[in-house]
1. Restricting attention to the range 16-37, report how many residues are among the hydrophobic types (A, V, I, L, M, F, W, C) and either touching a residue at least 60 places away in the same chain (Cβ under 8 Å) or not assigned by TED's automatic domain parsing to the domain that holds Pro193 (or both).
2. For Val227, state whether it is of a type in the set (Val, Ile, Thr) and in contact (Cβ under 8 Å) with a residue 24 or more places away in the chain.
3. Quick one: which of Pro378, Pro456 is in contact with a Ser or Thr (Cβ under 8 Å, 6 or more places away or on another chain) and crowded, with 18+ Cβ neighbours inside 10 Å?
4. Which ones in the range 122-148 are among the acidic types (Asp, Glu) and within 10 Å of Ala179 (Cβ to Cβ)?
5. Taking Leu178, is it out of contact with any Cys (no Cβ under 9 Å at 6 or more places or on another chain) and within 14 Å of the ligand (Cβ to nearest atom)?
6. Being touching a helix residue (DSSP H, G or I) at 6+ places or on another chain (Cβ under 9 Å), hydroxyl-bearing (Ser, Thr, Tyr) and part of a helix (DSSP H, G or I) narrows it down to one residue among Ser404, Ser350; which is it?
7. Out of Asp51, Asp70, which single residue is over 21 Å from the mean Cα position of the chain (by Cα), in contact (Cβ under 8 Å) with a residue 24 or more places away in the chain, assigned by TED's automatic domain parsing to the domain that holds Lys151 and surrounded by fewer than 16 Cβ atoms within 10 Å (Cβ to Cβ)?
8. If you take the residues in the range 296-321 that are of a type in the set (Gly, Ala, Ser) and touching a strand residue (DSSP E or B) at 6+ places or on another chain (Cβ under 6 Å), which one is nearest to Asp275 (Cα to Cα)?
Amino acid sequence: MTSPHNLSSAGAKLLFETSAFAEGLGMRHRTTATFAVINPADDSHIADVPDMGAAEAEAAVVAAKSAFADWSALTARARADILRRWYDLILQSKDALAELLTLEQGKPLAEALGEIVFGAQFIEWFAEEGKRLYGDIIPSHASDKRCLVLKQPIGVVGAITPWNFPSSMITRKVSPALAAGCTIVIKPAEDTPLSALALQMLAEAAGFPHGALSVVTAKRAEDVADVLTTHPDVRKISFTGSTRVGKLLMQQCSGTVKKLSLELGGNSPFIVFDDADLDAAVAGAIVTKFRNAGQACVAANRIYVQSGVMAEFAARLKAAIADMPVGPGLEAGTRIGPLINQAAVDKVGSLVKDAVEKGAYLALGGALHERGGQYFAPTLLTGATREMDIFSTEIFGPVAALYSFETEAEVIALANDTPYGLAAYYWTRDIGRVFRVGEALEYGLLGANEVLTSNPATPFGGMKESGLGREGSKYGLEDFIEIKYLALGGI
Ligand code: ADP
């Protein structure tokens, strides 16, 4: 049995339950306003969700503040038990959650499933890591005194998340926050609220207390963000999205001096040296450039190829790109889904046009795919230069732009010639170069002969204008705690 959206019966059931949950949330908040969620694959209407604003955001903060006292007083183990139940429920529903994600976001189903499982792993990992949030006793400067360091949860956290990874960008923030003892209010992206609501529904089933985790869906992000960034009871904002909005939020947070974690835009270099394993480099380029149709902040944005292997690399990459099926994410075999909206299609089209006008060679694609709608054809440009807009703009589309270089020093300077510093990839079999280049690149995430850099145990985050703080890993947990120093006298 399939639903009108070609969902499996489990997917259709989850969509029905999530829509009902959303309606119930609207009733809880006494708001009747809604906004539509649209399928980017065919522009069809999927569901309506509550259009909340400042009043609902305020109520969520009040609930989070009131939940904080009890939640933070639980033992880490008690919190971990509930987190673990949430993880189990997500995994039990992973196929249906993946369908829901594809439906609202567009990515191929296999990628959506990968995201659900990847995102859930953060919950499991932080549930355990929360038990290891040790304080310190510092050797004292006087025999009748003791110096103690206490680690305590920061308080209420506001999270603002993007549409390109609508599930894992939430779990990556929520799980360390909750594991540390914080409570959290999430404003998901307006294009993809269903994945967030489904996560909240499962969280309630797992037994989180009321107010510990709330989702505030809104068409107008500013209305909710203004409350989260100015409310004195919100002690931290964790944001993933554009550098433009990140800077805005940073300004707004200054009034109440909130802690901030920011995962912002990128302009990732992907460097192929003469001695690289070319097959592995091509396979890596395909994954990091074309996953989610290129709509990832860690996507390879500028592909630098040393001149000696340029012709060979370009030919192999072209053959690999030409093979990638374009279509709806729920259609079997699809590798490239639709872009998120028409504005994204227009932006990618204008970047390609500018590059070609300034002398790039269009080896493949370059325009809307024959499927029309929001499907952009996988594209290969060679002969790209730093004068083109594509050099300095985050492409966020299935467009690979190849730049030629001669020397290691030249490519390091080119790679660092950007205000961004999120991810960089490079391919070489020379171990000395792995260290030299890695230490010279101004990026928070380095992939040497590797593109899949993120997992729950490792730190994810950028340098320069790509952000502040780290997610994942023990460092990501520390971002949700406050350090208190207790000086004990009179011993
Ligand atoms: P993108 O360009 O990838 O859509 P955005 O930074 O615009 O990235 O969006 C990321 C998140 O920030 C989304 O949840 C979005 O609703 C929210 N957002 C967008 N504009 C604002 C704003 N002016 N203030 C606060 N949040 C915003």
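The values are calculated or read from the model by the stated rules, or taken from the named source; none is laboratory data. This structure is a prediction, so every number in the text was calculated from the model and none was measured. Neighbour counts run over all protein chains shown; Cβ positions are idealised from the backbone, glycine included.
1. The number of residues fulfilling the criteria is 5.
2. Details: of a type in the set (Val, Ile, Thr): yes; in contact (Cβ under 8 Å) with a residue 24 or more places away in the chain: yes.
The answer is yes for Val227.
3. Pro456
4. First pass over the range 122-148, keeping only residues among the acidic types (Asp, Glu): 124, 128-129, 136, 144.
Those that are among the acidic types (Asp, Glu) and within 10 Å of Ala179 (Cβ to Cβ): Glu128, Glu129.
5. Taking the combined requirement at face value, the residue does not satisfy it.
6. It is Ser350.
7. Asp70
8. Ser307
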